[in-house]
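*Asks:* Would you mind keeping the following structure in view while I ask a few things?
The values are calculated or read from the model by the stated rules, or taken from the named source; none is laboratory data. Just so we're clear, the structure is a prediction, and the values are computed from it rather than from any experiment. Please note that ligands, DNA and RNA were not included when accessible areas were found on the heavy atoms of the full protein model with its side chains. Shrake-Rupley method; radii C 1.70, N 1.55, O 1.52, S 1.80 Å.
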Amino acid sequence: MSTTTVIGRTSPELKSAYEKDGSCPLPYRFDDDSVELLRRRVADISAQRRPEVVHEKDSDVVRAIHGCHEFDDVCAALVRHPQLVELAESLIGGPVYVYQFKVNLKQAREGAAWPWHQDYAFWSEEDAMPRPDAVNFAIPLDDVHEENGPLVVIPGSHTMGLFDLPEKSAESGSDWRQHVSNDLAYTVDAGRAERLAAEHGKDLILGGAGSLHAFHPSIVHSSSNNRSADRRALLLITYNAVANAPANPTRPAFLVGRDTTPITALHDERLTLRPVSDLG
Ligand code: SIN
Ligand code: MN
């Protein structure tokens, strides 16, 4: 371990772009060795039979793995990366902890879509998260292009509240499998999303493996089936403000982090994040 990696504080321009659009690239990139190490851990975890590993419908194809920072030392080091922690604290304001960690594998030809939705609908309705004072960091572990199911966001939609919430049923909560499957419990009506996109546009989150992107819990987003020959693994870390921790979450701990103590930044020499001067 060393402590020699301080690479700058979050700029006001970056913060205001995030606040305005609800999504923005972050000017850093994990190097190839870091990405390769993360890919190897993802492959190892995906081969395990454990509740954190979720498959595509009626299939052995792994759709996603969850909560890996709780049991894998590389993923645990990743969430403590000083620059990620600094960015999260700066974008949210105040100390943060890890609310959620997942890798959506989006396997070549078999990875299924994510319908239009807002993450905060799940966190508000299922966990009673008080406010959307959290941030998602997306780190692709494969190159993301237009054909392998990139994340698509509607800029500015994070300021519009939650859309199309279902009536609360008598028994509280839905099956958590409907929070990680193609058949999501909380979706934004497709017609509404298309109208929003016609007015505000759509941004495709493209980028090379190891790149870094932030998006807001309330932004309307989706991604399509992967019909290409290229996998699109996307690692997602959600940091939540410590002051915004749900009081009594009931969903599995691999979907809702229970350790709400402020995360301590720690450099790990296996994970190198470099500034990118030209994001292209
Ligand atoms: C995806 O992996 O394409 C969807 C990610 C998300 O909905 O947060
Ligand atoms: Mn989402």
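*Asks:* Given H placed on each backbone N at 1.01 Å, which residues far from residue 26 in sequence or on other chains put an amide H within less than 5 Å of it?
*Replies:* 212, 213, 214
*Asks:* Sum -39500 (n - 2.57) across every DSSP H segment of at least 4 residues in the chain, then divide by the residue count to get the 222 nm mean residue ellipticity, nearest 500. Each step should come with its number before you reach the end.
*Replies:* On the way: 6 runs with 63 residues, N = 280.
Calculated from helices alone, the mean residue ellipticity at 222 nm is -6500 deg cm²/dmol.
*Asks:* ³J(HN,Hα) across the range 36-52 via Karplus (A = 6.51, B = -1.76, C = 1.60, θ = phi - 60°), whole Hz, x for Gly/Pro?
*Replies:* 5, 5, 5, 4, 5, 5, 4, 5, 4, 5, 4, 7, 8, 9, 8, x, 5
*Asks:* What length, rounded to one decimal in nm, is gained on full extension from residue 258 through to residue 61, with 0.36 nm per residue of separation minus their alpha-carbon distance? Show your work: numbers first, answer last.
*Replies:* Details: separation 197, 0.36 × 197 = 70.92 nm, distance 2.85 nm.
Gain in length upon complete extension: 68.1 nm.
*Asks:* Sort 258, 109 by heavy-atom solvent-accessible area, probe 1.4 angstrom, most to least. Could the numbers behind the result be given before it?
*Replies:* Working: 258 100, 109 160 Å².
The most accessible residue leads, giving 109, 258.
*Asks:* Let me ask you something else. What's the carbon and sulfur percent of the range 161-244's accessible surface, probe 1.4 angstrom, rounded to a whole number?
*Replies:* Values: 1810 of 3860 Å².
Ligands and nucleic acids excluded, carbon and sulfur reach 47 percent.
*Asks:* While we're here: Expressed as a whole percentage, what fraction of the accessible surface of the range 1-137 belongs to carbon and sulfur atoms when a 1.4 Å probe is rolled over the protein heavy atoms?
*Replies:* 49
*Asks:* With 29 Å as the limit, write out which pairs from 15/57; 20/168; 106/168; 15/102 have Cα-Cα distances beyond it, or answer none. Provide the component values of the computation, followed by the final result.
*Replies:* Details: 15/57 38 Å; 20/168 31 Å; 106/168 31 Å; 15/102 24 Å.
Correct reply: 15/57; 20/168; 106/168.
*Asks:* Is the shape of the chain rounded, prolate or oblate, going by the alpha carbon gyration tensor and its root eigenvalues a ≥ b ≥ c, with a/c under 1.5 for rounded and a/b larger than b/c for prolate?
*Replies:* Values: a/c = 1.22, a/b = 1.18, b/c = 1.04.
Rounded is the answer for the chain, as its axis ratio a/c remains below 1.5.
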